[in-house]
Each structure stands twice: as C-alpha cells, then as structure tokens.
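Engineer: If you scroll down you'll find the structure; I have some questions about it.
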Amino acid sequence: MTQVITRFPPSPTGHLHVGGARTALFNWLWARKNGGKFILRIEDTDVARSSEEMTQGILDGMRWLGLDWDEGPYFQSRRIDLYNQYIDQLLETGHAYFCACTPDEVEAMRAEARATGAVPKYNGRCRGRDLKNGPGRVVRFKTPESGETAFQDLVKGPVAVPNAQLDDMVLRRLDGMPTYNLAVVVDDVTMNLTHVIRGDDHLSNTPKQVLLYEALGRDLPRFAHVPMILGPDKKKLSKRHGATSVTAYRDMGYLPEAMVNYLVRLGWSHGDQEVFQLDELLQVFSLDHLGTAASVFDQGKLLWLNNHYIKNEPIERIASLLDVHLTERGWGGADENYLQSIVPLLQPRAGTMVEMAEMAEFFVVEDESVPMDPAMVDKFLTPEVREHFGRLRPWLAEMPVFDQQSLETMFKEYLGEQGVAFKVLAQPLRVALTGKTKSPGLYEIMEVLGKDRVLRRLARVSGREEEPIG
Ligand code: GLU
C-alpha cells in the first residue's frame, strides 16, 4: 500500500488563520492516522506580500496546536530552478508556449469576450506563433480546446469543467516567478502527495492543476475540498467576526486541545460527539465524514470546550499555564505549590486562562496590593464589620489547623458567641480578602490563602496593623 502523504502549504502573507489551521489539522490527522507523512511547505512566491515574521508566526501556531511535520518547511522561493525545469519540460512537450502579449492586450481580449457574452479569457493569439524566450514574454499553458477536465472530489463528488471555459493560464510570469498553480503541482508531484485536503476556495484552481498533472503524465492525488468557515452572519469568517488567528486564541488563554477539538468539528463529524481526546480522534477521524455544508464559527462553543479542558486537565499543567498568564500581567513568581492549590478553585469557573489569571490576581499579589474599590469599602467595610474583624483575628490566629472544616467550626462558634448571622460578615470578609464581591467559597479561599495572608488582609481593613495578635 502506498504511504499516505499530506501537506499544509500556507502562504506567509498573514497569520495562521483558523481556516488554515483546520485544513492543516485534517491533513495532519489523516497522515498520522495512516502512519503517513505530513509535509509543511511555505508558499512564498509572492515575495512582496510574504514575510519571515509571518512564517515564524505560522510555525509557532502549528507547534502550539501540536501539528508536527515530518518534512519541511520547504520554501517555494528556494525551488525556482525546479519549477523552471518543469516549465521547460512542458514547453518541450508542446504543452506550453511563450506569449508576448502585454497585460493591456490581454485585458482588451477579456473585455472583448465579455462584451459578446463569451468566457473572458486570453484568446490564444501566441499559441501558434512558436515564439522563443525573450524579455516581456510569459509562459502559458496550452489548454485543450475541447473536452472536459474532470476529477473526483472526496467532499464535492464528481467535478467536471468544459475545457473551453479554462484560460491558457500563465505558468511563469514576466518577473520569472512561477504562478501558484504551476508551483503547487510541481511540489505536489515531486513530494509524492497522495491526498490534497484544502479549502473549497481553491476548487476553481483544481481543474487547471489536473490539466498540469495530465500534461506531466502524473497520477492525480485524492482531492478533498472542505467548505469554508463562516461567521455567525453566514459571511466568510474574517476579522470583523473577532479574532481569526490561532495565536490570538493562545494569547486569549485557550488551550491547544480545546482549539484542536473545536477545529476538527468544523466540517467533520462523528455522530453527535463533541469532545474528542487526541488519541481517540486519531482512531476515528476519516475523510468519509467531511461535511458538505459550510460551518459557522461559534465562539460560545469554543469557550465551552475550553472550559471543559481547563476543568479536566491535570492541576500541574493548568498551574504552569496560569503562571505564564500571571507573569504576563506582572503577577508572576508565585510558589508552584501555592498555584497548584489555587487552581482547583478556579478550574470550574474560568472560560479561559486569561480569565483564570484575572480571578487568581488576589491570591498572588501582595496583601496591600489587593485592589480595593473605595465605594465597595464604604459599602461593605462598615465600622461594625471592622470591629468584628479585629475581634476575629485572635480566633483565627489560634487555630492549629487552618482548613475549611476547622474554619467553618470556628466561625459557627464565633458567630454564636457574638449573636450575629453569617451573612453579616460573609460579604465584607470576601471584600477584605479578595477585593471582590464574587469569588469561590469563603472557607475555600481562606484555606488556600493561609492563615498569615488572611490575618494580614483583615488587619489591613480593620485598621489594627500595629496591634499584636493573640
Ligand atoms: N498557499 C495556498 C493557500 O494558502 C495553498 C493552496 C493549496 O492548498 O493548494 O491558500
């Protein structure tokens, strides 16, 4: 059996877009599932629009998603000689010819065709002229004038286009650079690709590529053109709909597992299943279940999946991610064990790691830096409450074990003795310890903060810093 070989060939003219990442993932999964090979190729022949920075960003995004490649990255800009060899071959075999028509002349031919309702294309003027190479000459493909070009697509089914509709495409431009269709076919042929899975925005290129395969006497790979990803307004997903670059999601605190899981479901399904572990995905992924309808990018579902992974990943992993996001916000440097004790409290609540970092702020900043909104202080930290805090401190200080259960018992006793209800103190305590009116359970956060922090924070708001405790 032939080894499955797939590829991802981004153009480094932008970030790794979620749509690109999705096709990369499908290609990667198909190669991995079949024990095949996944090739990364950078299509940078558009020198003016390509950049090294974008290439690096794309590689970062791939690495972050865990989409490792077996070969490459190849750079098309370094393979120009190879493309020229193939162009020479096509010239020699009569499948291509030099064309001396200027861009203005070609435009005029198109306009003329349009005016008569014909397909706007180059009229073939230089086809029979047998021109040699020379300045101002491009190389064009001699498209068959009759018949049709057909292929079987794994998503679209049979596709056929009358050759009369196809232009004599340019293979080499005036600047000597190969065109996209030529370079892609030479690469796909020389890299022995068995499957080409890409967005259906390329569907109209495929018949032209098929003609090139045929002219080169090569077998076709299996094509799968997956429908585009749309925004909620059913228009092609773009920046208007929010972040579209994969690394932006990383920076917003999404887990790569969540992103991979989300992306795979955009245009592929396995019954109604939504959550897939990677090893399971590698078992069940197949090209038979690629969807035929465009899918809508649903931020809410991505967030839901992210929270799912945040909740279920091991505490150590989430703690180290939390550390990264805290450090980015200037709150880094917390002890590893301390972070690991914070994480379980926030795992059920945080949609993203950025949210978790924001929720964790009060745990990790210095006691005197816990943000205190003056209006909140006025509202909750009344003189009566401050009195209680002052009285509570020795009770807390004397606790031999500072865990949730002991705290609960101690508070019951204190409240009983003082004749006050828990609700009188609960919200003020929360404000004093966290600077917020919402947080995980009070006893839980007190246990994690530990006795010393709790005492210092209560002292801070009860105005008794100087007073010795206990
Ligand atoms: N460089 C093309 C793109 O980024 C790849 C097209 C293909 O998969 O053949 O759209």
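Engineer: Rounded, prolate or oblate: which fits segment 96-203, taking a ≥ b ≥ c as square roots of the Cα gyration tensor eigenvalues, rounded meaning a/c under 1.5, else prolate when a/b beats b/c?
Structural biologist: Oblate.
Engineer: Another one. DSSP loop GluC sites (Glu not before Pro) in segment 204-281 with at most 15 other Cβ atoms within 10 Å of their Cβ, which ones?
Structural biologist: Those satisfying the criteria are Glu274.
Engineer: A further question follows. Taking the Cβ of Ile318 as the centre, find all other residues whose Cβ is under 13 Å away and add up their charges (Lys, Arg: +1; Asp, Glu: -1).
Structural biologist: Summing Lys and Arg as +1 and Asp and Glu as -1 gives -3.
Engineer: Roughly speaking, what is the stretch gain from Ala421 to Ala243, that is 0.36 nm per residue apart minus the C-alpha to C-alpha distance, in nm to one decimal? Please report the intermediate quantities before stating the final value.
Structural biologist: Values: separation 178, 0.36 × 178 = 64.08 nm, distance 4.77 nm.
Between Ala421 and Ala243, full extension yields 59.3 nm more.
Engineer: How big is the gap, in Å, between the Cα center of segment 179-237 and the Cα center of segment 269-319?
Structural biologist: 26 Å
Engineer: How big is the C-alpha Rg of segment 173-281 next to the rule-of-thumb value 2.2 N^0.38 Å, as a ratio?
Structural biologist: On the way: Rg = 17.9 Å, N = 109, 2.2 N^0.38 = 13.1 Å.
Rounded to two decimals, the normalised Rg is 1.37.
Engineer: Considering the dipole of the chain built from charges on the beta carbon (Lys and Arg +1, Asp and Glu -1) around the Cα centre, which of Asn123, Thr55, Met376 is farthest to its positive end?
Structural biologist: Going by the charge dipole, the pick is Asn123.
Engineer: Now for a different question. Would you calculate the volume per residue, in Å³, of the smallest convex hull containing every Cα atom of segment 357-470?
Structural biologist: Details: hull volume 11.2 nm³, N = 114.
About 99 Å³ per residue, rounded to a whole number.
Engineer: Additional query: Between Rg and the Kirkwood Rh of the chain, both from Cα atoms, what is the Rg to Rh ratio?
Structural biologist: Here Rg/Rh amounts to 1.18.
Engineer: Using Cα centres only, tell me the gap between segment 405-466 and segment 15-36 in whole Å.
Structural biologist: Taking the Cα centre of segment 15-36 as reference, the centre of segment 405-466 is 51 Å away.
Engineer: Follow-up question, since we're still on this one. List every residue whose amide H lies under 5 Å from the amide H of Arg173, counting only residues 5 or more places away in sequence or on a different chain, with H placed 1.01 Å from N in the peptide plane.
Structural biologist: The list, which skips near neighbours in sequence, is Thr179.
Engineer: Using unit Cβ charges (K, R positive; D, E negative) and no other charged atoms, how large, in debye to the nearest 20, is the dipole of the chain about its Cα centre?
Structural biologist: For the chain, the charge dipole is close to 1500 debye.
Engineer: Moving to a separate point now. Two decimals is fine: what is log10 I(q)/I(0) at q = 0.13, 0.14, 0.23 Å⁻¹ for segment 178-242, from a Debye sum with one equal scatterer on every Cα and no solvent?
Structural biologist: -0.44, -0.50, -0.93
Engineer: Find how much the distance from Lys436 to Val324 grows on full extension, using 0.36 nm per residue of separation minus their present alpha carbon separation; answer in nm with one decimal.
Structural biologist: 38.0 nm
Engineer: List the residues, sorted by chain then number, that are 5 or more residues from Val196 or on another chain and whose placed amide H is less than 5 Å from its amide H.
Structural biologist: Under 5 Å from the amide H of Val196 lie the amide H atoms of Arg222, Phe223, Ala224, each far enough along the sequence or on another chain.
Engineer: Got a sec? How would Val385, Val184 order by Cβ neighbour count within 10 Å, fewest to most? Spell out each step's value before the answer.
Structural biologist: Details: Val385 20, Val184 25.
Lowest count first: Val385, Val184.
Taken together, the values in this text are just the output of simple stated rules run on the coordinates, not laboratory data. Everything quoted here is computed from the prediction, not taken from an experiment. Note: ideal-geometry Cβ built from the backbone for every residue, glycine included; neighbour counts use all protein chains shown.
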